[in-house]
Each structure stands twice: as structure tokens, then as C-alpha cells.
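Okay, structure first, notes after.
The values are calculated or read from the model by the stated rules, or taken from the named source; none is laboratory data. Since we're looking at a predicted model, the values are computed, not measured. Using ideal geometry, Cβ is built from the backbone for each residue, glycine included, and neighbour counts are taken over all protein chains shown.
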Amino acid sequence: MSEGVVDRNRVVIFDTTLRDGEQSPGATLNIEEKIEIAKQLAKLGVDVIEAGFPISSQGDFEAVQRIAREVHGPVVAGLARAIVVDVDRAWEALKDAEKPRIHVFISTSDVHLKHLFKLTREEALQRAKEMVARAKSYCEDIEFSAQDATRSDLDYVCQMIEAVIEVGATTVNLPDTVGYTTPDEYERMISTVLSKVKNIDKAIISVHCHNDLGMAVANSLTALRAGARQVECTINGIGERAGNASLEEIVMALETRKDFFGLHTRANPAELLRTSRMVSSFTGIPVQPNKAIVGSNAFAHESGIHQDGMLKEKRTYEIMDAETVGAGETNLVLGKHSGRHAFRKHLSKLGYELGDEELNRIFFEFKQLCDKKKVVSDRDIETLIMDRVQSESDAAYRIEQVTVMTGNKMEPNATVKLIASDGSIVTEATVGDGPVDAVCKAISKLSGIQAELIEFNIAAITAGLDAQAEASIKLRFKGRVVTGRGSDTDIIVAAAKAYLHAVNKFIEMGTFEDETNADPYRRDEYGPLAGISRAFDR
């Protein structure tokens, strides 16, 4: 059986943040960001990291390949449609992994087979068997997903599951692809598969729930009680449309209510908050304050009655300790008089171990921040580290200087100086409707990327008038959408960093296809991608 699971009460945590999570509109990650998230997921203790969809793009292939080579501990999985080129490409990316898994999928619902795949049930069944067998010729650990299982004929699902296990599938996934089912229905599906599929004892049942009706976590937990033993989820619940089941909510539900579920995981809850912040920072998708487990208000109390209860006994209003998920507050205040040794020690307490060269760079930026702020918080320090990871990638441009002149009786104008990847310095001066508009126009002229602004958000990372600002900008350029982020005590500079971060992502992507030619199924749950669907018909 997959992952060598002997303990039938242990739940395998399958994280798909880097695959399904990245399919959140605008949540494009570069390779260095994916590597950092994958390493953090390994520290969190997930069992399986779905690193990407290797056939979808060269960038996705390279990210999966590097994660397979550089991240140790978890199984590393790559997604593949039930097509020869997909399976072969997935193995090429995964072959150097310590523990590789090929994840093959095809739809079982009639609406998908008819309109999306153009296959009969018999053809889909035969293709599933052939491609699982092909994947099995490459490695032992094979997962098969019956896409849109919850809207499929259950007898047909059972027939396909039995067939793919027969040819080597070690995990079988029954995804609620469009977030359609309810807990009672899902429980019946799992129970039926367990009773009707005669060789089900040779595989683990997995579940993958979307949150379109707000029931992804409830459905996942119900399926686990019914006998599923792998749950597919994402950090912060990000993903297509309304997102996926939230990893942190599932892990803490199983941890906090062991008396009810009688199940456990290998995850380390103390890494949950750090992982959540990293994913939020890199994707530019903020976590709502009242988000369970990792929201900023998850362990906050304002009501006088609540505060009185907490002072007398924490268990009156908290069912978990903040420290359990890594949300404990520190009393150590770092400032401009702190030394490098104290700074390194504090980083270690926060869970960051940096080499000397990287420590020196972060320490220098920390000192600069201390000159701008009275108090530098742990959140400020984490932001410096996140920004460093993003800037360490081979960016086409870096900001050297931003100068803005503005006022209520003058036209805002900005001068932006950028350093190109070859070391040359380019400068542009422009005017705009406002200072941020002027800065972004200058960057557009210098880079040659004339993108459409979809969304712009700016928020304070920490409290106080001297707080760092974190800007998030979503841009569209030739049919593609990316999110950029940046932080600084100056909101104009933060916006400039965010805009340039997005522009660099576009430049890194390279060739763009025309928006009018884009495949409408480019980013659907387990669905074909632009240009790749044509290979399906050949």
C-alpha cells in the first residue's frame, strides 16, 4: 500500500498547494518561491507534496524536477492526465525524487466525458487502465483520481477503481471536483466503494474536496470517518474558485478532537502559522482575520467577558493554545542597538536558520528598518526574509531608487531607477493621476510590459503609524494574470516593489500566446491546459 501505511488510524496528508493552490487566479509562483514553500511543507510534516503538473509548462516541469531533487522526506507527486505524453513527462520530472509518485487522472462523470474529454465510459476505462499500468512501469507509488467522482454513476466509479487497482494503483482518489456533495452523500460514497470494490484493501482511499458550497473541510472529515485515509488539501484553503479543503483546519480538527475522530497525522502543528504566512506572502492572497487556526483574530479576544474568562482560565474560551500552531507572542524586542548574535538567535527561535552571507544581508536590511521604525516585530522580520527569497530569483529588474513629487496642487510625477539583470541602470520619469500611478507607469515604460491593472491592495503588516506597508497588485498581460507583492515603510515604494515583482514574473514567463487563442480549459480542476489539450486529440 502507498506510503507504507500500517497504522489504519493514521491519515496521510497530501498537500496540493503548489499544484491546485497555485491555480488560484493570479497566484503564480516562481520556481524559487515553490522551492521555499516545498521545504517548509517538509518541515510541517506533510506526507505528500503535489509539486505541480509537469506537462502544463516548462516552468512547472522545472519546479517539479527541482523539488524532486532538493526536497527530502515527503513523497513528491506530479499530476498527469491519462495520456502517454503526460505520464512520460511526469516521470521525467520525478525520476530523481527520493520517493516519487505519479498521479494519473481521468473523469468518470458523464458531463465531463461527453463535453470535456469526448470519450465513452468504455474508452475512459480502457485509457485509465493503460495509463496507470504505464505509470506503474516507472515507479511503485501510483495514485489514480476519478475526476468529478461525486457527480458520477457510483457503479461506474467502483468499476474503474477496481480496474486501476488491478493494474497497480496504490491510492485511489474520489474528488469532489466542483464542491457539489454533502457530508452524508460523501459518507455513502466511501462506504459503497469499501463494500463493492473487491480489491480495495490493496489501496488507500483519498479525498479531494473543493469549497464551492463551503463544505470542503466538513466533507473531508466525514470521508475520513467513513474510511478514507488520505486527505488532499492546501495551505489557507487556496485553490480553484472557492478553494480547497484547508490543511490547517483538518490537521487541528483531528488533533483537537482525537476523542471524536480517533485519527492522527504526522503533521507538526507548530509550523502551521509560519507555513500559512509564507504561502500568503508569496501568492499575494491575504488570510482573512477570522480564518480558523491561522487568522490574525483566531486567538484574539476583545469582549470583556471573554477577557475576564481568559485571565482566570484559558480553557474558558480557547480550545487550542496559540503556541500549538506557532502563534505564540514573543516579549523579545529587537531594535537598532541589537547585535548580529542576538539577531541570529532570535531568527533561530522563529524557525529560520540562515547562512552567514544571507544573515548579513537580512541583518543589514533589519538595521535599515530599525532606523525607520520604533519597534520591529517578528512579523516585520519574517517579511524581510520573504522579500529576500523573492528578490534572490533571477529577476529581470531590481529597484535602485524611487523618487516622487506630489501634492494637492501639482501633478504627481515620479522618477524610477532600475538595475537590470546585466548590471546596467535604466531611468524613467513620468507623470500620473497619483504618485502610485506615476511610479507604475515609469516601471511599465522601462520594462516594456504594458499590463492591465486588475486589483491593488495595501495593508499594514504590523500596528502603529510607522508600520510596514504590504502592497499586493494583480496584473493581466496578454491573457495571463499574476500577482506581485512588496513591502516597505513607504507605501509608494511598497507599491513599486509589488508592481515590479509582477512585471518580473511576466518577463520570466517568456513567450505569451494571444488571449483570444487561450484554451478555456487552461486551469480547471485536473483539467487540460492551454495548448496541451490539442495533444489529447492527436
Determine the pairs where a residue that is outside the structural domain of GLN23 (by TED's automatic domain parsing), located within region 481-493, has a partner that is β-branched (Val, Ile, Thr) and surrounded by fewer than 19 Cβ atoms within 10 Å (Cβ to Cβ) with Cβ atoms under 9 Å apart, the partner being 6 or more residues away or on another chain. VAL481/ILE454; SER487/ILE461; ILE491/ILE458; ILE492/THR406
Considering region 191-223 alone, what residues qualify as being hydroxyl-bearing (Ser, Thr, Tyr) and crowded, with 21+ Cβ neighbours inside 10 Å? SER206, SER220, THR222
On the basis of being over 23 Å from the mean Cα position of the chain (by Cα), of a type outside the set (Asp, Glu), farther than 19 Å from GLY227 by Cα and part of a helix (DSSP H, G or I), does ALA90 make the cut? no
Which members of region 135-169 meet the condition of being β-branched (Val, Ile, Thr), under 19 Å from LEU79 (Cα atoms) and surrounded by fewer than 24 Cβ atoms within 10 Å (Cβ to Cβ)? ILE165, VAL167
Which members of region 293-327 meet the condition of being closer than 22 Å to TYR352 by Cα, at pLDDT 75 or above and of a type in the set (Ser, Thr, Tyr)? THR324
Condition test on LYS505, is it outside any strand (DSSP E or B), at pLDDT 85 or above, under 20 Å from ASP60 (Cβ atoms) and among the charged types (D, E, K, R)? yes
Of ALA442, ALA467, the only residue that is within 22 Å of GLN368 (Cβ to Cβ), among the small types (Gly, Ala, Ser) and outside any strand (DSSP E or B) is ALA467
If we keep only residues of region 89-125 that are closer than 20 Å to HIS208 by Cα and hydroxyl-bearing (Ser, Thr, Tyr), then the residue surrounded by the most Cβ atoms within 10 Å (Cβ to Cβ) is THR108
For the structure I just gave you, tell me whether VAL197 is more than 26 Å from ILE473 (Cα to Cα), in the same structural domain as ASP15 (by TED's automatic domain parsing), more than 20 Å from the chain's Cα centre (by Cα) and not charged (D, E, K, R). yes
What residue, of ILE425, ILE449, is closer than 15 Å to LYS505 by Cα, in contact with a strand residue (DSSP E or B) (Cβ under 7 Å, 6 or more places away or on another chain) and β-branched (Val, Ile, Thr)? ILE449
